[in-house]
Amino acid sequence: MKVVLQRVSQANVTVDERIVGAIKHGFVLLVGFGKGDTANCIQPMVDKIVRMRIFENDEKRFDKDILDVGGEILAISQFTLYADTAKGRRPEFFQALEPAAASQLFDTFVEALRKTPVTKVETGVFGAHMRVSLVNDGPVTITLER
């Protein structure tokens, strides 16, 4: 499981020119699942994300997590996180989990996020062509892997 976490001041995702998910202050999570990933990797990743202290305190130090600031989450499925670019110029995705299993794990991941005290959890549409708009706050971008 790979997650690219971006701290944002706002974000939304559109499918067919319709906004399907939108948040204000919080995280955009680009989430990919690879071969060998199971539901066992989800809760530890959710715990890490929710407790990631990357919001500033009064001294401008990273000391607050998303719960401390009342932040929101926009989670987007993204198999391209498993791109292998070692050969040639066309990425290969052999290490990405097949769509049916990845969709199920993504749904489980979102359900686990929604069980946390995070104010709001929104998503895109699994497998759809999506347009993600965001304002990266900082910028702060962190990659997480199980």
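Just so it is clear, none of the values below were taken in a lab; they were calculated from the coordinates. Note that this is a predicted model, so its numbers are computed, not measured. When we count neighbours, we look across all protein chains shown, and the Cβ atoms used for this are built from the backbone with ideal geometry, even at glycine.
Applying the selection to the stretch 14-73, what residues are closer than 21 Å to P117 by Cα, in a strand (DSSP E or B) and either in contact with a His (Cβ under 9 Å, 6 or more places away or on another chain) or touching a residue at least 12 places away in the same chain (Cβ under 8 Å) (or both)?
The answer is G21, A22, I23, G26, F27, V28, L29, L30, V31, F55, E72, I73.
Filter the stretch 30-45 down to the residues that are buried (at least 24 other Cβ atoms within 10 Å of the Cβ) and either touching a Pro at 6+ places or on another chain (Cβ under 8 Å) or within 16 Å of V132 (Cβ to Cβ) (or both) and list them by number.
V31, G32
Give V46, V118 a once-over and let me know the one that is out of contact with any strand residue (DSSP E or B) (no Cβ under 8 Å at 6 or more places or on another chain) and under 25 Å from K24 (Cβ atoms).
V46 is the lone residue from the list that is out of contact with any strand residue (DSSP E or B) (no Cβ under 8 Å at 6 or more places or on another chain) and under 25 Å from K24 (Cβ atoms).
Just give me the residues in the stretch 78-119 being β-branched (V, I, T), touching a residue at least 40 places away in the same chain (Cβ under 8 Å) and not in a helix (DSSP H, G or I), in sequence order. Don't jump to the end; show me each part of the working.
Taking the stretch 78-119 and keeping what is β-branched (V, I, T), we get 80, 85, 108, 110, 116, 118-119.
Among the residues that remain, those that are also touching a residue at least 40 places away in the same chain (Cβ under 8 Å) are: 80, 108, 116, 118-119.
Correct list: T116, V118, T119.
Of all residues in the stretch 120-134, which are assigned to a loop (DSSP other than H, G, I, E, B) and hydrophobic (A, V, I, L, M, F, W, C)?
Filtering the stretch 120-134 down to residues assigned to a loop (DSSP other than H, G, I, E, B) leaves 120, 124-130.
Scanning the stretch 120-134 gives V125, F126, A128, M130.
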